[in-house]
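Trainee: The structure is given below, and queries will be raised subsequently.
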Amino acid sequence: MHKMSEKVQVEDSIKTIISKVAGYPIGEIHEDIHLRDDLLVDSLKQMEIVARIEHHFGIPLDEGELVCLETLGEFFDLINNQILTST
């Protein structure tokens, strides 16, 4: 498992990407927030976020897993697990 500081860096990078795409203040983005309900991320914005994350981390993401996610914390877990399995 990667170090806690690497996990924080991953989460900070994801928050930055989401903030840029969704136009939401980064300071208000936290793991309990709901992507669709709280950030109003529609399917087009979600596709852009996923593409940027895939490019940034060099990992593929399974859209089937993404549709089941509700909170940003669940999204963080998925990305962190994907990074672990791709190394």
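Values in this text are rule-based calculations from the coordinates and carry no lab data. What you see is a predicted model; the values in this text were computed from it and never measured. Please note: Cβ atoms are built from the backbone with ideal geometry, for glycine as well, and neighbour counts cover all protein chains shown.
Trainee: Would you please give the FRET efficiency between Asn81 and His30, computed as 1/(1 + (r/R0)^6) with r the Cβ-Cβ distance and R0 = 30 Å, to the nearest 0.05?
Mentor: The formula returns an efficiency of 0.95 here.
Trainee: What translational diffusion coefficient, to the nearest whole µm²/s, does the chain have by Stokes-Einstein, given a Kirkwood radius computed over alpha-carbon pairs, a temperature of 25 °C and 0.890 mPa s viscosity?
Mentor: After rounding, the answer is 189 µm²/s.
Trainee: Helix 72-86: angle to the longest alpha-carbon principal axis of the chain, degrees 0 to 90, nearest 10?
Mentor: The two axes meet at around 30 degrees.
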